[in-house]
Amino acid sequence: MASLLAPSEKDVLSLADTDGSRGHTTLDEKADSKAPVRRWTSKPSKHRLVGFLPTAVVLIITLGFVVLILGFLLRMQYVPVQGGRGFSAAVKHGSFVLDEEEWSDDTSSGGHLRVLILSALASHLISDTSSILMTLVAYRVGAQWLRVSREGDGTGIAQNPTPLQYGLLVRLMGSSSISAIGAGCAYAASPRARPQLPRLFKQALAMSISVWVLARFVGLADLWLHTTSRSISILRPIPDSSQAYMLAAQFNETICPAMRGGLQDDDVLISSPYPCLSEFEDFVMMDDSMSNTGFSVMANESSTDWRVITLADAADLAILVPGPAIDTLYTTYTASTFAVRATCTSLNSLCIRDESGMTTNCSQAGYPRLPYSAGEDSVSFYNATVHLDAAQNGWSLVNSTLSSPEFATTLWLPVLWQYLTEQLAADLIVTARTKPKDVVMAALNQHLARLTLGAASGYFEPAKATDVNSLVPTLLGQYPIGPVLALITLLCLYALLALLVFLSSWWTTDESIISPHDESSCTPFMQEKSMLALTRTWLTNPLALVGAAFPGEDGQDDVRSVAKKPCDMVYDGNDTDMRLAIGLTNEGFGIRKRATGQKVVGVEGPTMLGTGMCDVTRKFLEKTPEDATDLPYDDFMARKRLIEHVLDYDEKRTEGKPRGDSASWEWTPILYVYEIAKGSTKRQEDVGHVVFVDPTLTRFLMVNLYGPRKQSQLIANARVAEPPQSLLLKQPVV
């Protein structure tokens, strides 16, 4: 016959102080009869460098890319285009111009915008490091949560999150996505429809927004840099000494010996030769090859070795340069040559004209009998040095000196022989008839100088040039200063944010959890655990909550709750008892066990909260004794029969409602090994066996089982005035 005993207040408090694990209290079920009971405890831990590794990762990524980008920008600058080296030169130019050349062969090349590669990589990695940075924030939030959880006053309680606030925190800390931030902001923006926001929730939401905004701004800066950067093509001079470039001009000294002796003056043979470039060099014009060359150059024929051009920035100085037959398109060099400048003045303005416009007197000009039009010309000959910059497609005068009188006399001979008169008249006739006087005089200066030098071009031969460079087509990268500075600044701000979060929590006081299983060798999890690290896991990883919602009931659930790795916190089960299905059932929508159909998580009806958090029914109804490694076979079967007996009563009371509907149970088993009173358990026989609780959590039913065929001793809670019908067992329970 069942007997009822009222436990003392100490006994009731002892039961209430259990650790919440399913079926366990403070007794190590594997201990022998003489082993003392070990408890879950904690002790103050030494100050830790909390979050050092995540901080180091964020700083290495952000500041590492700052160093890489700045180093590449400063090292690879192309000074000729940028206008100098260094940061200030790039600011003045408005952009960084980099030589990012990749050579492929001697005639072609290609390049890559490597800064854009670094920028894109930095943007992607910053987006990925948002979760790492939120781990740092989780340490800070976790420290605050642990602190307010220990405070017993009303103010401290209000600083703890509600279940919904905790769920939003997990989303914020775990992903920091726009949807999580949006949900958090929407919740925070409706103060009348929610409880008070704890400070840790506000800080977590603010930090999530800051991290997300900074990461997006880094992406926008990267996009800005990509849309404004470009490649520019230039002709890059490369020193070329592989061949002798005959691009300069020198006087052909060989024409002098050929004309010495054998020349006749008035049919008299001159036997005494004159030195070259003497005052008697009019005989030079007797060589047809030299005069033919002059005519070809004056006519700008494409087959000639020389041509004459005029430099506008050198007062219309005419210079002799290689002709069209010589390819200088991809070459720069400095060369010696010859030049001519003509200065002509119109004398018509000094003459007196009659009524019909005819010139009648030019005495003021010094020529009383001047023809209808006249001008005064001055022609100067120079030894010059010029430079060709083919990249800019232009010639420039390096220096010039007046030629000697003897040399000038020789070059002047074609003019005296009227070799260029017809060509000069043909070039100027249209201009002289249609343009103003100043335009006509400018054209006269240019054409006279060009034709004079062209007529004498037969006297010259090619010579070696200096500073010869081959021009190679090259791609340069041009990066505007604005987006570059924006990207670098944002990366530094991101690193600063990580450093500030780290410094605000790096010396946080922590506690170490000491498990009662720490001396056991049956599990690899046992060591001192950081309470702050576990709190961070509960804030960032939903696996911790999954492990609590789906207990294994194999005696290791409490061990898994302090596992170091999140995956080790969850019982993975086997193919027969832990496969989950989802869908709509009679209890609403939710997840159910595929094997039994029992609903474990859903929208409505019974959930794993309340009494369900400690319900051990499934351990004894869905598992075999072999699965329950924490109980001997006989003890497991005795508890199984007891629980089945109580459930049979509940099923009859509810008129056949299935056992899976736990909402209708009058008594729910929550413990299967427990300590009746603190410190009372000295031997294995001293432990309590089964505890049931009613749905209101106000009544407890304690049951001890003795002997294979003895009647059970039933111990009811002191608040139960008389035994409920469920306690009047008609048969002994074994």
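The table for this structure:
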{"item": "Evaluation of Thr401 against (1) closer than 26 Å to Ala248 by Cβ; (2) touching a residue at least 12 places away in the same chain (Cβ under 8 Å); (3) not in a strand (DSSP E or B) (one fails), failing number", "result": "(3)"}
{"item": "Residue satisfying all of: in segment 449-488; out of contact with any Gly (no Cβ under 8 Å at 6 or more places or on another chain), in a strand (DSSP E or B) and open to solvent by 40 Å² or more (accessible area, probe 1.4 Å); nearest to Asp389 (Cα to Cα) among these", "result": "Asp467"}
{"item": "Among the candidates Phe589, Phe550, residue that is of a type in the set (Phe, Trp, Tyr), at pLDDT 75 or above and open to solvent by less than 50 Å² (accessible area, probe 1.4 Å)", "result": "Phe550"}
{"item": "Test: residue in segment 415-431 that is under 20 Å from Leu247 (Cβ atoms) and modelled with pLDDT under 85", "result": "no"}
{"item": "Hey, Ala189 of a type outside the set (Ser, Thr, Tyr) and free of Cβ contacts under 8 Å to residues at least 12 places away in the same chain or not", "result": "yes"}
{"item": "Conditions (1) touching a Phe, Trp or Tyr at 6+ places or on another chain (Cβ under 9 Å); (2) open to solvent by 20 Å² or more (accessible area, probe 1.4 Å); (3) not in a helix (DSSP H, G or I); number of the one not met by Trp538", "result": "(3)"}
{"item": "Cβ pairs under 7 Å, 6+ apart, first in segment 552-564 and closer than 19 Å to Asn541 by Cβ and assigned to a helix (DSSP H, G or I), second of a type in the set (D, E, K, R) and open to solvent by less than 10 Å² (accessible area, probe 1.4 Å)", "result": "none"}
{"item": "Selection from segment 135-191 of residues that are open to solvent by 50 Å² or more (accessible area, probe 1.4 Å), farther than 30 Å from Val57 by Cα and β-branched (Val, Ile, Thr)", "result": "Thr155, Ile157"}
{"item": "Those residues of segment 287-316 which are surrounded by 13 or more Cβ atoms within 10 Å (Cβ to Cβ), part of a helix (DSSP H, G or I) and more than 60 Å from the chain's Cα centre (by Cα), in sequence order", "result": "Met290, Ser291, Thr293, Gly294, Phe295, Ser296, Val297, Met298"}
{"item": "Count - residues of segment 567-586 that are part of a strand (DSSP E or B) and either at pLDDT 80 or above or open to solvent by 80 Å² or more (accessible area, probe 1.4 Å) (or both)", "result": "5"}
{"item": "Count - residues of segment 553-566 that are open to solvent by 20 Å² or more (accessible area, probe 1.4 Å) and more than 39 Å from the chain's Cα centre (by Cα)", "result": "3"}
{"item": "Test: Ser505 is closer than 30 Å to Val559 by Cβ and either of a type outside the set (Lys, Arg) or in contact (Cβ under 8 Å) with a residue 24 or more places away in the chain (or both)", "result": "yes"}
{"item": "Residue list for segment 610-652, restricted to those being small (Gly, Ala, Ser) and either part of a helix (DSSP H, G or I) or open to solvent by 20 Å² or more (accessible area, probe 1.4 Å) (or both)", "result": "Gly610, Gly612, Ala638"}
{"item": "Residues satisfying the stated conditions in segment 489-505, i.e. surrounded by fewer than 18 Cβ atoms within 10 Å (Cβ to Cβ), touching a helix residue (DSSP H, G or I) at 6+ places or on another chain (Cβ under 8 Å) and hydrophobic (A, V, I, L, M, F, W, C)", "result": "Cys492, Leu493, Leu499"}
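Listed here are the residues, each with its yes/no results for (1) free of Cβ contacts under 8 Å to residues at least 24 places away in the same chain; (2) surrounded by 12 or more Cβ atoms within 10 Å (Cβ to Cβ); (3) touching an Asp or Glu at 6+ places or on another chain (Cβ under 7 Å).
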residue: Val415; (1), (2), (3): no, yes, no
residue: Tyr419; (1), (2), (3): no, yes, no
residue: Ala426; (1), (2), (3): yes, no, no
residue: Ile429; (1), (2), (3): yes, no, no
residue: Asp438; (1), (2), (3): yes, no, no
residue: Met441; (1), (2), (3): no, yes, no
residue: His447; (1), (2), (3): yes, yes, yes
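The values are calculated or read from the model by the stated rules, or taken from the named source; none is laboratory data. Since this is a predicted model, take the numbers as computed values, not measurements. We place every Cβ from the backbone using ideal geometry, glycine too, and count neighbours over all the protein chains shown. Only protein heavy atoms, including side chains, enter the accessible area calculation; ligands, DNA and RNA are left aside. Shrake-Rupley method; radii C 1.70, N 1.55, O 1.52, S 1.80 Å.
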